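Read through the structure below, which is laid out as structure tokens, and then see the notes.
The values are calculated or read from the model by the stated rules, or taken from the named source; none is laboratory data. Given the structure is predicted, the values throughout are model-derived calculations rather than measurements. Quick reminder, even Gly has a Cβ in these numbers, built from the backbone with ideal geometry, and neighbours come from all protein chains shown.
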Amino acid sequence: MSSDAPQLDIVIPVYNEGGNIVRTLQAFADHVKASYRVLICYDFEEDDTLSAIREHGGFANLEFVRNQGRGAHQAIMTGFQHSSAPFILVYPADDDYNAGILDAMLQKAQQGNDIVCASRFIHGGSMVGCPWMKAVLVRTSAFTLHHFGRIPTKDSSNGFRLFSRRLLDRVQIESTQGFTYSIELLAKCHRLRWRIAEVPAQWRERTHGQSRFRVMRWAPAYLRWYFYVFATTFLRRRPESVPAMDRQPVST
């Protein structure tokens, strides 16, 4: 990798985010000091996200990546495959207020953490305007996974998360729905005893566009990895998808 290659690839799955994306990209330009590249992962050429970016212009280090399939999960997987930086971050297209924490997340990753979570449930974080059912499910799962499953983050379900190249290269992703891959990678990283960190982040209910988060549709897939965490903690199991040479404990 050349010395001027970006340290961070920011993967943004989009679906008609024309009303949000320019503010988000401008927030990166205003607040992120690290070298980065943005990968806009889209399903179809008519997506108004693309036209909004092209009409605005002026954003450096940005690439459009056509989804190899359809939907949020496949868009993110396509972004992962297209990425080349040592650290990869999945970022919401409608989030124009958290760009200021990206440098801190990258710094923690460079200190040896394979996952850095943007956490709504630690000091300095917040979750505002979340529908009550989603809020109950999110907070309950996060509380039980941290306090009983011993996973070292207080926000296990936020899809806004940074991953190391080592993790993506060496751990197989089995999930096929929505953002389930994110809790899967968290669970497998925990099982390997690789390091996980978190930084405080804000979360606000979106005001433009439609969320692609489907609680009930993805619940069975989430539950698989929820119980995987408890099996890790109490049965001390390790995944078979990582070479034995990489299965040493890492201090957290």
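Of note:
- Scanning the range 33-60 for residues that are surrounded by 18 or more Cβ atoms within 10 Å (Cβ to Cβ) and under 25 Å from PHE87 (Cβ atoms) gives TYR36, ARG37, VAL38, LEU39, ILE40, CYS41, TYR42, THR49, ILE53.
Residue-by-condition table, conditions (1) modelled with pLDDT of 55 or more; (2) in a helix (DSSP H, G or I); (3) of a type in the set (A, V, I, L, M):
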| position | (1), (2), (3) |
| --- | --- |
| LYS188 | yes, yes, no |
| VAL199 | yes, no, yes |
| ARG206 | yes, no, no |
| GLY209 | no, no, no |
| ARG237 | yes, no, no |
| MET245 | no, yes, yes |
| SER251 | no, no, no |
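- Exactly one residue out of ASN61, ASN67, ASN16 is touching a strand residue (DSSP E or B) at 6+ places or on another chain (Cβ under 7 Å) and over 25 Å from ALA109 (Cα atoms), and it is ASN67.
- Taking each residue of the range 111-129 that is polar (S, T, N, Q) and looking for partners that are outside any loop (DSSP other than H, G, I, E, B) with beta-carbon atoms closer than 7 Å, six or more apart or interchain, yields ASN113/ILE196; ASN113/ALA197; SER119/GLU198; SER119/VAL199; SER119/PRO200; SER126/GLN202; SER126/TRP203.
- Residue ID - nearest to ILE122 (Cα to Cα), chosen from residues in the range 62-82 that are in contact with a helix residue (DSSP H, G or I) (Cβ under 8 Å, 6 or more places away or on another chain) and assigned to a loop (DSSP other than H, G, I, E, B): ASN67
- Of the criteria (1) touching a helix residue (DSSP H, G or I) at 6+ places or on another chain (Cβ under 7 Å); (2) modelled with pLDDT of 95 or more, which one PHE59 fails: (2)
- If the condition is being touching a residue at least 60 places away in the same chain (Cβ under 8 Å) and under 19 Å from ALA34 (Cα atoms), then the range 52-91 contributes SER83, SER84, ALA85, PRO86, PHE87, ILE88, LEU89, VAL90, TYR91.
- Residue pairs whose Cβ atoms lie under 8 Å apart, separated by 6 or more positions or on different chains, with the first residue in the range 39-51 and modelled with pLDDT of 95 or more and the second among the β-branched types (Val, Ile, Thr) and in a helix (DSSP H, G or I), are ILE40/ILE21; ILE40/THR49; ILE40/ILE53; CYS41/ILE76; CYS41/THR78; TYR42/THR49; THR49/ILE21.
- So SER51, is it polar (S, T, N, Q) and in contact with a Gly (Cβ under 8 Å, 6 or more places away or on another chain): yes
- Single condition GLN81 does not satisfy, out of (1) of a type in the set (S, T, N, Q); (2) over 17 Å from the mean Cα position of the chain (by Cα); (3) over 23 Å from ARG195 (Cβ atoms): (2)
- Unmet criterion (only one of (1) surrounded by 14 or more Cβ atoms within 10 Å (Cβ to Cβ); (2) closer than 24 Å to THR232 by Cα) for PHE148: (1)
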